[in-house]
Amino acid sequence: MLIKNRSFFPYVDFLPADQFKLIGKCEDKQVLLIGRTTAYGDPIVALRSTEEPSEDDLSACDLYELMKFSQTTINFAEM
């Protein structure tokens, strides 16, 4: 899995790809926890659209920004 915009998040401790954690769903996409900010530990997530992780190119985003600007409900499994 490749995080396409990783360079935009120099303040994030990204998890290794095998430690990404499914934390919920947004529409038909899985919400993965992929890292946390170094200062406050805020969650950084990505949306996965396929069931095969090796085929996804992910884009990182701040979970709170996703929640604020999402036009659909985000259902969380756990954090």
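The values are calculated or read from the model by the stated rules, or taken from the named source; none is laboratory data. This is a predicted model, so every value here is computed, not measured. Glycine gets a Cβ as well: all are built from the backbone with ideal geometry, and neighbour counts include every protein chain shown.
Scanning the stretch 59-79 for residues that are over 11 Å from the mean Cα position of the chain (by Cα) and among the hydrophobic types (A, V, I, L, M, F, W, C) returns MET67, PHE69, ILE74, PHE76, ALA77, MET79. The selection criterion, being of a type in the set (Lys, Arg), more than 11 Å from the chain's Cα centre (by Cα) and surrounded by fewer than 11 Cβ atoms within 10 Å (Cβ to Cβ), does not hold for LYS4. Restricting attention to the stretch 4-28 and to residues that are of a type in the set (A, V, I, L, M, F, W, C) and part of a loop (DSSP other than H, G, I, E, B), the residue that is farthest from LEU66 (Cα to Cα) turns out to be LEU15. Scanning the stretch 7-19 for residues being touching a strand residue (DSSP E or B) at 6+ places or on another chain (Cβ under 7 Å) and not acidic (Asp, Glu) gives a total of 5. Here GLN71 meets the list (1) touching a Pro at 6+ places or on another chain (Cβ under 8 Å); (2) modelled with pLDDT under 90 almost entirely, failing just condition (1). It is to be established whether one or more residues within the stretch 52-59 are at pLDDT 95 or above, exposed (fewer than 10 other Cβ atoms within 10 Å of the Cβ) and not acidic (Asp, Glu). For the stretch 52-59, residues at pLDDT 95 or above, exposed (fewer than 10 other Cβ atoms within 10 Å of the Cβ) and not acidic (Asp, Glu): absent.
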